[in-house]
Amino acid sequence: MSGDIFLALTRDIFIVTLKLGGPILGVALVVGVAISILQAVTQIQEMTLTFVPKILAIALTILVGGAWMLRSLVSFSGDLFARLPEFVR
């Protein structure tokens, strides 16, 4: 495997990882900050209060975008298997 092929494969892996993980992490970040602001305003310092809304928001994000995420991952896997002969050379 030449260096160019390895770098292209690594770049594609990072892009797919960001595409799949970015929305989930973004939603978790927004919900976490919103809950933290709510806790600071109301002075409720319950540690478990942040977990339930985050889990629900992440589950909703996966339900809404799960089909797109799966299609993206299947497409990347298909491209990877199609390019497999390039890696063996």
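Quick notes on this one:
- Checked against the criterion of being assigned to a helix (DSSP H, G or I), of a type outside the set (Gly, Ala, Ser) and closer than 20 Å to Gly65 by Cβ, the candidates Leu38, Leu18, Leu9 yield just one match: Leu18.
- The residues listed here are Gly78, Gly65; of these, the one that is of a type outside the set (Asp, Glu) and over 19 Å from Gly26 (Cα atoms) is Gly78.
- For segment 1-32, residues that are over 14 Å from the mean Cα position of the chain (by Cα), surrounded by fewer than 11 Cβ atoms within 10 Å (Cβ to Cβ) and among the hydrophobic types (A, V, I, L, M, F, W, C) total 2.
- Of all residue pairs spaced 6 or more apart or on separate chains, none has beta-carbon atoms under 8 Å together with a first member in segment 26-44 that is touching a residue at least 40 places away in the same chain (Cβ under 8 Å) and a second member that is surrounded by 13 or more Cβ atoms within 10 Å (Cβ to Cβ) and assigned to a helix (DSSP H, G or I).
- When every residue of segment 35-45 is checked against the conditions, at least one turns out to be on the phi > 0 side of the Ramachandran plot, at pLDDT below 90 and not β-branched (Val, Ile, Thr).
The values are calculated or read from the model by the stated rules, or taken from the named source; none is laboratory data. Since the structure is predicted, the reported quantities are computational estimates derived from the model, not experimental observations. In this analysis, Cβ positions are derived from the backbone assuming ideal geometry, glycine residues included, and neighbour counts consider all displayed protein chains.
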